[in-house]
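Worksheet: the structure to be examined is printed underneath.
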Amino acid sequence: MSTKRYIIASGLILGLFAVIGTALVGITHDTTAEKIAQNERQALLRKLQQILPADQHDNNLLQSTVEIPADDRLGHQQPSRVYIATQQDEISAMIFPVIAPRGYSGEIHMLVGIDINGRIIGVRVVKHRETPGLGDAIEAERNDWILGFTGKSLDNPAPSKWKVKRDGGSFDQFTGATITPRAVVQAVQLTLVYFERHRDELIAAYRKQQHEAAEAEQESTDKEHEHSEHE
(Lines give C-alpha, C1' and ligand atoms only; values in the text may rest on other atoms or scores of the structure.)
Protein backbone atom coordinates (compact mmCIF):
# COMPACT_ATOMS: atom_id res chain seq x y z
CA MET A 1 0.00 0.00 0.00
CA SER A 2 1.34 3.44 -0.90
CA THR A 3 2.03 6.01 1.79
CA LYS A 4 -0.83 8.19 0.52
CA ARG A 5 -3.33 5.33 0.66
CA TYR A 6 -2.07 4.33 4.09
CA ILE A 7 -2.60 7.84 5.41
CA ILE A 8 -6.11 7.98 3.92
CA ALA A 9 -7.02 4.56 5.34
CA SER A 10 -5.66 5.49 8.78
CA GLY A 11 -7.64 8.71 8.71
CA LEU A 12 -10.84 6.91 7.81
CA ILE A 13 -10.33 4.38 10.59
CA LEU A 14 -9.65 7.11 13.15
CA GLY A 15 -12.68 9.02 11.93
CA LEU A 16 -14.84 5.91 12.27
CA PHE A 17 -13.62 5.34 15.81
CA ALA A 18 -14.35 8.99 16.64
CA VAL A 19 -17.90 8.69 15.32
CA ILE A 20 -18.50 5.45 17.24
CA GLY A 21 -16.99 6.93 20.39
CA THR A 22 -19.11 10.06 20.16
CA ALA A 23 -22.25 7.98 19.63
CA LEU A 24 -21.45 5.79 22.64
CA VAL A 25 -20.84 8.84 24.82
CA GLY A 26 -24.17 10.33 23.67
CA ILE A 27 -26.06 7.11 24.36
CA THR A 28 -24.44 6.77 27.79
CA HIS A 29 -25.23 10.40 28.63
CA ASP A 30 -28.87 10.06 27.59
CA THR A 31 -29.27 6.81 29.52
CA THR A 32 -27.60 8.27 32.62
CA ALA A 33 -29.65 11.48 32.44
CA GLU A 34 -32.86 9.48 32.15
CA LYS A 35 -31.86 7.32 35.11
CA ILE A 36 -30.99 10.38 37.21
CA ALA A 37 -34.31 12.03 36.34
CA GLN A 38 -36.17 8.83 37.25
CA ASN A 39 -34.35 8.60 40.59
CA GLU A 40 -35.15 12.24 41.32
CA ARG A 41 -38.86 11.65 40.59
CA GLN A 42 -38.90 8.64 42.90
CA ALA A 43 -37.13 10.57 45.66
CA LEU A 44 -39.61 13.44 45.28
CA LEU A 45 -42.55 11.03 45.39
CA ARG A 46 -41.23 9.48 48.61
CA LYS A 47 -41.02 12.92 50.22
CA LEU A 48 -44.51 13.82 49.03
CA GLN A 49 -45.88 10.58 50.47
CA GLN A 50 -44.15 11.24 53.79
CA ILE A 51 -46.15 14.45 53.98
CA LEU A 52 -49.35 12.96 52.59
CA PRO A 53 -49.51 9.13 52.63
CA ALA A 54 -51.12 7.36 49.69
CA ASP A 55 -54.24 6.46 51.68
CA GLN A 56 -54.97 10.18 52.25
CA HIS A 57 -55.38 11.11 48.58
CA ASP A 58 -56.63 9.31 45.50
CA ASN A 59 -54.84 11.16 42.69
CA ASN A 60 -51.33 11.11 41.22
CA LEU A 61 -49.54 13.97 42.94
CA LEU A 62 -46.76 14.18 40.36
CA GLN A 63 -49.35 14.70 37.63
CA SER A 64 -51.62 17.04 39.60
CA THR A 65 -49.91 20.41 39.71
CA VAL A 66 -50.59 24.09 39.20
CA GLU A 67 -47.89 26.44 37.97
CA ILE A 68 -47.43 29.61 40.01
CA PRO A 69 -45.28 32.66 39.26
CA ALA A 70 -42.06 33.44 41.09
CA ASP A 71 -42.68 34.69 44.62
CA ASP A 72 -40.18 35.78 47.26
CA ARG A 73 -42.32 34.31 50.04
CA LEU A 74 -41.69 30.86 48.60
CA GLY A 75 -38.06 31.65 47.80
CA HIS A 76 -38.45 31.13 44.06
CA GLN A 77 -36.99 33.40 41.40
CA GLN A 78 -38.63 31.32 38.67
CA PRO A 79 -42.16 29.87 38.29
CA SER A 80 -42.74 26.70 40.32
CA ARG A 81 -45.43 24.04 40.66
CA VAL A 82 -47.75 23.30 43.55
CA TYR A 83 -48.82 19.68 44.06
CA ILE A 84 -52.57 19.31 44.50
CA ALA A 85 -54.00 16.41 46.52
CA THR A 86 -57.61 15.32 46.09
CA GLN A 87 -60.03 12.81 47.56
CA GLN A 88 -63.17 11.96 45.58
CA ASP A 89 -62.47 14.96 43.30
CA GLU A 90 -62.34 17.38 46.24
CA ILE A 91 -59.09 19.23 46.90
CA SER A 92 -57.82 18.16 50.31
CA ALA A 93 -54.31 19.64 50.47
CA MET A 94 -51.53 21.42 48.61
CA ILE A 95 -47.81 20.80 48.83
CA PHE A 96 -45.47 23.68 48.03
CA PRO A 97 -41.82 23.42 47.00
CA VAL A 98 -40.18 26.12 49.11
CA ILE A 99 -36.68 27.54 49.40
CA ALA A 100 -35.48 29.05 52.67
CA PRO A 101 -32.73 31.36 51.38
CA ARG A 102 -31.01 32.17 54.68
CA GLY A 103 -29.73 28.85 55.96
CA TYR A 104 -26.35 28.83 57.67
CA SER A 105 -24.71 27.37 54.55
CA GLY A 106 -27.09 28.64 51.90
CA GLU A 107 -30.47 27.65 50.55
CA ILE A 108 -32.64 25.00 52.22
CA HIS A 109 -35.06 23.32 49.81
CA MET A 110 -38.25 21.99 51.39
CA LEU A 111 -41.74 20.71 50.76
CA VAL A 112 -44.49 22.29 52.86
CA GLY A 113 -47.88 20.56 52.93
CA ILE A 114 -50.99 22.50 53.92
CA ASP A 115 -54.53 21.15 54.16
CA ILE A 116 -57.42 23.01 52.61
CA ASN A 117 -58.21 24.67 55.97
CA GLY A 118 -54.73 26.16 56.29
CA ARG A 119 -53.14 23.68 58.70
CA ILE A 120 -49.70 22.21 58.17
CA ILE A 121 -49.85 18.50 57.34
CA GLY A 122 -46.10 18.07 57.08
CA VAL A 123 -42.77 19.63 56.23
CA ARG A 124 -39.77 17.82 54.75
CA VAL A 125 -36.33 19.02 53.75
CA VAL A 126 -35.38 17.98 50.22
CA LYS A 127 -31.90 19.47 49.87
CA HIS A 128 -29.51 21.50 51.99
CA ARG A 129 -25.84 22.11 52.82
CA GLU A 130 -26.16 22.70 56.55
CA THR A 131 -23.44 21.60 58.96
CA PRO A 132 -23.41 17.82 59.63
CA GLY A 133 -24.16 17.06 63.24
CA LEU A 134 -25.71 20.50 63.83
CA GLY A 135 -27.89 22.06 61.15
CA ASP A 136 -28.70 18.74 59.50
CA ALA A 137 -31.10 18.05 62.39
CA ILE A 138 -33.73 19.60 60.09
CA GLU A 139 -33.82 16.23 58.31
CA ALA A 140 -36.65 14.00 59.51
CA GLU A 141 -34.31 11.01 59.27
CA ARG A 142 -31.97 12.57 61.86
CA ASN A 143 -34.29 14.40 64.23
CA ASP A 144 -38.04 14.74 64.86
CA TRP A 145 -37.80 18.55 65.07
CA ILE A 146 -39.31 19.05 61.60
CA LEU A 147 -42.36 17.02 62.65
CA GLY A 148 -43.26 19.75 65.13
CA PHE A 149 -44.81 21.86 62.37
CA THR A 150 -47.62 19.37 61.80
CA GLY A 151 -50.96 20.83 62.90
CA LYS A 152 -49.66 24.39 63.07
CA SER A 153 -51.36 27.28 61.26
CA LEU A 154 -51.02 31.05 60.92
CA ASP A 155 -52.75 31.59 64.27
CA ASN A 156 -51.31 28.51 65.99
CA PRO A 157 -49.00 29.73 67.34
CA ALA A 158 -49.79 33.44 67.21
CA PRO A 159 -47.98 35.32 64.41
CA SER A 160 -45.57 36.91 66.89
CA LYS A 161 -44.54 33.43 68.07
CA TRP A 162 -43.51 32.12 64.66
CA LYS A 163 -39.85 32.30 65.73
CA VAL A 164 -37.34 30.12 67.50
CA LYS A 165 -37.37 30.37 71.28
CA ARG A 166 -34.11 32.30 71.31
CA ASP A 167 -35.94 35.07 69.43
CA GLY A 168 -38.97 34.93 71.72
CA GLY A 169 -40.95 32.42 69.69
CA SER A 170 -42.43 28.95 70.17
CA PHE A 171 -40.04 26.75 68.17
CA ASP A 172 -36.97 25.04 69.54
CA GLN A 173 -33.57 25.78 68.10
CA PHE A 174 -30.69 23.32 68.00
CA THR A 175 -27.77 23.34 70.38
CA GLY A 176 -25.06 25.26 68.58
CA ALA A 177 -27.27 25.99 65.58
CA THR A 178 -29.89 28.73 65.58
CA ILE A 179 -29.63 30.14 62.05
CA THR A 180 -30.80 26.93 60.38
CA PRO A 181 -34.06 26.40 62.33
CA ARG A 182 -34.73 30.15 62.22
CA ALA A 183 -34.63 30.05 58.42
CA VAL A 184 -36.94 27.03 58.26
CA VAL A 185 -39.51 28.52 60.67
CA GLN A 186 -39.63 31.75 58.69
CA ALA A 187 -40.02 29.91 55.39
CA VAL A 188 -42.88 27.75 56.71
CA GLN A 189 -44.72 30.80 58.06
CA LEU A 190 -44.34 32.64 54.75
CA THR A 191 -45.74 29.61 52.93
CA LEU A 192 -48.81 29.72 55.16
CA VAL A 193 -49.19 33.42 54.35
CA TYR A 194 -48.94 32.66 50.64
CA PHE A 195 -51.50 29.87 50.90
CA GLU A 196 -54.00 32.06 52.78
CA ARG A 197 -53.78 34.81 50.17
CA HIS A 198 -53.83 32.57 47.09
CA ARG A 199 -55.87 29.53 48.14
CA ASP A 200 -59.01 30.38 46.16
CA GLU A 201 -56.94 31.37 43.13
CA LEU A 202 -55.07 28.03 43.21
CA ILE A 203 -58.30 26.06 43.59
CA ALA A 204 -59.82 27.90 40.61
CA ALA A 205 -56.69 27.29 38.50
CA TYR A 206 -56.72 23.58 39.27
CA ARG A 207 -60.44 23.28 38.52
CA LYS A 208 -59.93 25.06 35.20
CA GLN A 209 -57.12 22.66 34.29
CA GLN A 210 -59.29 19.66 35.15
CA HIS A 211 -62.20 21.01 33.11
CA GLU A 212 -60.01 21.68 30.08
CA ALA A 213 -58.43 18.23 30.34
CA ALA A 214 -61.87 16.59 30.53
CA GLU A 215 -63.06 18.54 27.48
CA ALA A 216 -59.94 17.57 25.51
CA GLU A 217 -60.40 13.92 26.44
CA GLN A 218 -64.05 14.02 25.40
CA GLU A 219 -63.17 15.66 22.11
CA SER A 220 -60.57 12.99 21.42
CA THR A 221 -63.09 10.25 22.25
CA ASP A 222 -65.69 11.81 19.95
CA LYS A 223 -63.20 11.98 17.06
CA GLU A 224 -62.23 8.34 17.54
CA HIS A 225 -65.91 7.39 17.56
CA GLU A 226 -66.57 9.34 14.36
CA HIS A 227 -63.55 7.76 12.69
CA SER A 228 -64.67 4.24 13.59
CA GLU A 229 -68.16 4.95 12.17
CA HIS A 230 -66.70 5.96 8.81
CA GLU A 231 -64.59 2.83 8.47
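Does the stretch 114-167 hold any residues that are in a loop (DSSP other than H, G, I, E, B), touching a Ser or Thr at 6+ places or on another chain (Cβ under 8 Å) and more than 21 Å from residue 56 (Cα to Cα), and which are they?
128, 129, 130, 131, 134, 157, 162, 163
Return yes when residue 196 is surrounded by 12 or more Cβ atoms within 10 Å (Cβ to Cβ) and either modelled with pLDDT of 95 or more or basic (Lys, Arg) (or both) and no when it is not.
Answer is yes for this residue.
Considering each residue of the stretch 39-94, count those that are among the hydrophobic types (A, V, I, L, M, F, W, C), assigned to a strand (DSSP E or B) and without any contact (Cβ under 8 Å) to a residue 24 or more places away in the chain, and give that number.
Going through the stretch 39-94 one residue at a time, the tally reaches 0.
The values are calculated or read from the model by the stated rules, or taken from the named source; none is laboratory data. Note that this is a predicted model, so its numbers are computed, not measured. Counting neighbours? That spans all protein chains shown, and the Cβs are built from the backbone with ideal geometry, glycine included.
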